[in-house]
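The values are calculated or read from the model by the stated rules, or taken from the named source; none is laboratory data. From a predicted model like this one, the values you see are computed outputs, not experimental measurements. Every residue, glycine among them, receives a Cβ derived from its backbone with ideal geometry; neighbour counts consider all protein chains shown. SASA here: full protein model, heavy atoms, side chains in, ligands and nucleic acids out. Shrake-Rupley method; radii C 1.70, N 1.55, O 1.52, S 1.80 Å.
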Amino acid sequence: SVERFDFTMGGTSASVTLTKGQDTSNCVPFMTRRTVGTYDYGVRHQVDVYFSGSSLTARRNNGGGTVYLSVFVVEFDPQYIKVQQGYITFGGTAGSSGIDNVDTSKAALVHYGRTSTWSDDWEDWKVRGYFNSPSSVRLERDASSGTMYCHYYVFEALHNEFKVQHVSLTIGYSQYYATTGITAVDMSKSFVLASYESEVWYDDDRYAAC
């Protein structure tokens, strides 16, 4: 099943109720957001998303400004797609969590996180997620102000329902883009999931946003 939610968070949390009888252990939320009045503070616009019973909750550490969220909750059939969910919190530059072994050519990852830092430096709260082994998820940032609180979701094709290609890119100083080759795909049947960390220590999104 697929269920879409559009909702607003004016404080530190907001929840919506799932209405299709989903088994949330088989679900992955796909979230986008926009912010108004949060300024450059990660503590206000970095949002974690997770399930609590039959509810979907969005949470941040400070309620300044407003966050507008759109979330698609996708429920997978566990006979074909295995979902693993977990929570990582870290105060340094990285945190990891063990998972059941996955075939990384058939597994993908999404993650969301909130931060305790009032820093307006992108290096403190932009987090990159990846499989650092078939049995481990790693979340990483460039600097270490405050604590990150993150939920992650792994979904894996148990047979040949889909294939996954993993790539890493670096956009260096004075560069505007980077490219890498992949095995050819049918673009009408493909999509991209991405996350990134940044070395930018100031608050200008012209240099840090992707």
Of the accessible area of the chain, computed with a 1.4 Å probe and all protein chains kept, carbon and sulfur make up a percent value of 47
Less than 14 Å Cβ to Cβ from GLU156, Lys/Arg counted +1 and Asp/Glu -1: what total charge do the surrounding residues give? -1
Across 5 Å bins from the origin, how do the percents of Cα pairs in the chain run, short distances first? 1, 7, 14, 18, 20, 18, 13, 7, 2, 0
Taking a probe of 1.4 Å, how large is the accessible area per residue of the chain, in Å²? 54
Please arrange VAL192, VAL2, VAL16 by accessible surface area, largest first, computed with a 1.4 Å probe and ligands excluded. VAL192, VAL2, VAL16
Per the Debye formula with a single identical scatterer at each Cα and no solvent contribution, what log10 I(q)/I(0) holds for region 109-210 at q = 0.14, 0.20, 0.21 Å⁻¹? -0.67, -1.16, -1.23
Note the direction-averaged projected area, equal to a quarter of the hull surface, for the Cα convex hull of region 15-133, in nm². 8.2
Per DSSP helix of 4 or more residues, -39500 (n - 2.57); summed, then divided by the residues of the chain. What does that give at 222 nm, rounded to the nearest 500? -500 deg cm²/dmol
Only four residue types carry charge here, +1 at the Cβ of Lys and Arg and -1 at the Cβ of Asp and Glu. Report the dipole size of the chain about the Cα centre in Debye, rounded to the nearest 20. 320
Centre separation in Å (Cα based) which lies between region 31-48 and region 130-194: 22
In Å³ and rounded to a whole number, note down the convex hull volume per residue for the Cα atoms of region 41-89. 109
With every protein chain kept in place and a 1.4 Å probe, the residues TRP118, TRP201 fall, from largest accessible area down, as TRP201, TRP118
Counted charge near TYR130, where neighbours are those whose Cβ lies closer than 11 Å (Asp, Glu -1; Lys, Arg +1): 0
In whole angstrom, how long is each semi-axis of the equivalent ellipsoid of region 160-210, when you take the square root of 5 times every eigenvalue of its Cα gyration tensor and sort them from largest down? 28, 12, 10
Specify which residue in the list VAL71, HIS166, TRP201 is farthest towards the positive end of the charge dipole of the chain, using unit charges on the beta carbon of Lys, Arg (+1) and Asp, Glu (-1), about the Cα centre. VAL71
Which order do GLU199, GLU3 take when ranked by solvent-accessible area (1.4 Å probe, heavy atoms of all protein chains), largest first? GLU199, GLU3
Summing Lys, Arg as +1 and Asp, Glu as -1, what charge do residues with Cβ under 15 Å from the Cβ of PHE51 carry, PHE51 excluded? -2
